[in-house]
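First the structure, in the form of structure tokens, and then the observations on it.
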Amino acid sequence: MPPIIAETRPTHDQYNRQRSIDYIPELDGLRAVACLLVIAFHSDPGGMFSGGFIGVDIFFVLSGYLITSILTEEFNRNGTIHTGRFYIQRFLRLLPALLLFLSAYLAVAPWIWPGHPHMLDALVTGTYLSDYAYPFFQTPFYIRHTWSLAVEEQFYLIWPLILPFLVRQRHALIILTTAWIALSLWRLSFIGAEWSTYYYRFDTHCTGLIAGAILALVQKGWSFGDAGTKIALFGLFAISLLGGIERSTLTIAAAEVFSFMVIGHIASGNISPLFSFLSAGPVVKIGKLSYGLYLWHFPIAYYFREQSGFLVSVSVTFTLSLAGAFLSYHTVEKWGRSMKARAKLRPQPASVRVTET
């Protein structure tokens with residue numbers, strides 16, 4: 001369904017009704033911001049955006065929110081969750097683009113970094129094991145950014161099995177919040193340790209997905225208001241500039257809380273000047289391409305940051321990654337979308353069809 005265009009600014013109630021049947025472009029805009037932060041960070045890890053890695057945490061909170069919204073809507077409607085259909089949808093959404101990227105990587109990487117076991121890296125990545133393989137075995141090396149895909153995929157595997165039992169509980173929010181606190185404290189126990197030993201792992205970094213799930217269960221037109229959202233935005237901006245990854249035991253939780261506040265504000269339908277930026281056409285388009293951008297960017301950034309300064313590195317990385325993402329989106333990802341339609345998979349309910357996940 002194309003976006004509904006209003007000639008005048010809607011009231012709060014009209015805005016909520018419009019967005020309940022339509023697509024929320026600002027969430028794709030937020031994806032774009034998150035992806036650009038990560039690209040800036042990987043183009044110069046010790047530079048201006050030394051905390052840009054929190055883009056991944058924004059992704060996690062957003063993904064947890066969207067997936068939980070979709071699954072709870074299905075559960076409330078049918079009394080169950082069709083896990084097989086959910087897994088097929090995830091497969092058709094994620095794997096075609098990943099396989100295209102890995103094919104390109106295997107064709108080019110041996111010429112740039114000869115002697116490295118690139119095939120092993122691709123195998124580990126394709127089986128979504130990077131989140132543990134890299135911290136313990138330093139593989140995959142040149143595509144180690146795929147740890148976040150592994151964390152998400154592992155969450156997708158277990159979450160539709162857990163959620164039906166959870167939502168039947170009277171204290172589901174308390175259970176989830178307790179889990180978030182416990183796992184955040186577990187990550188804090190690594191203070192003083194080498195960051196690479198804990199940062200990439202599912203058990204230490206699934207908290208953003210849990211935070212998003214909490215938001216999906218609690219969010220009913222609720223937000224922290226304009227003032228709270230401005231504080232959250234300032235907090236994310238400050239961390240992106242100052243939050244070095246060696247301090248990530250502390251900054252991840254803060255980034256998750258701030259992301260929780262921002263996403264809750266957007267999804268609740270509150271009208272804010274924030275929307276004018278996040279809903280701008282080019283920003284939304286980058287958000288739609290963010291999965292491909294994220295896939296392609298790291299080996300490019302790794303190569304060019306060794307050869308040039310930040311501005312050249314980030315510009316070349318973004319341009320080449322955008323080309324790869326565009327190719328992917330309009331070829332293999334388009335095929336995946338058509339296969340979903342051909343298989344006559346039941347579409348997502350309109351009330352949670354907020355962005356492509």
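List of remarks:
- Residues Ser276 and Ile162, FRET efficiency given R0 of 45 Å [Cβ-Cβ distance, rounded to 0.05]: 0.75
- Candidates Pro135, Pro114, Pro45: whichever shows maximal mean-square fluctuation once the chain is modelled as a Gaussian network with Cα springs under 10 Å: Pro114
- The calculated FRET efficiency for the pair Asn78 and Arg170, based on their C-beta separation and a Förster distance of 22 Å, comes to about 0.55.
- Taking 0.36 nm per residue of separation and subtracting the current Cα-Cα distance, fully stretching the chain between Trp186 and Leu241 would add 17.3 nm.
- Cα gyration tensor shape for region 105-170, rounded if a/c is under 1.5, else prolate or oblate: prolate
- Matching label, Kirkwood radius over Cα pairs in Å computed from the structure shown, candidates [x] 22.7; [y] 20.8; [z] 25.3: [y]
- The chain: angle of helix 25-43 to the longest principal axis, Cα-based, in degrees nearest 10: 20
- Separation between Cα centres of region 183-215 and region 24-38, rounded to whole Å: 22
- Which of His82, His330 has the fewest Cβ neighbours within 10 Å, and the rest in rising order: His330, His82
- For region 315-324, 3J(HN,Hα) per residue [Karplus equation, 6.51 cos²θ - 1.76 cosθ + 1.60, θ = phi - 60°, Hz, x = Gly/Pro]: 5, 5, 4, 5, 5, 5, 5, 5, 4, x
- Region 57-95-region 248-288 distance, computed between alpha-carbon centres (Å): 20
- MRE, 222 nm, helices only [DSSP H, n ≥ 4, -39500 (n - 2.57), over the chain, to nearest 500]: -23000 deg cm²/dmol
- Tyr87, Tyr291, Tyr65 arranged by Cβ crowding within 10 Å, fewest neighbours leading: Tyr87, Tyr291, Tyr65
- Three-way shape call for region 34-105 based on the alpha-carbon gyration tensor, with the a/c threshold at 1.5: oblate
- Pairs of Lys in region 26-344 closer than 19 Å at Cα, counting only those 8 or more apart or on different chains: 4
- Sorting Phe298, Phe326 by the number of Cβ atoms found within 10 Å of their own Cβ, with the fewest placed first, yields Phe326, Phe298.
- Between Arg85 and Met119, the simple spin-label model (points 7 angstrom out along Cα→Cβ) gives 4.1 nm.
- The GNM of the chain, with springs linking C-alpha atoms under 10 angstrom apart, assigns the highest mean-square fluctuation among Ala301, Ala213, Ala193 to Ala193.
- Relative contact order of region 26-344, defined on C-alpha pairs under 8 angstrom at six or more residues apart (%): 33
Here, each number is a calculation from the coordinates, and none is a lab measurement. Not measured: the values here are computed from a predicted model. In this analysis, Cβ positions are derived from the backbone assuming ideal geometry, glycine residues included, and neighbour counts consider all displayed protein chains.
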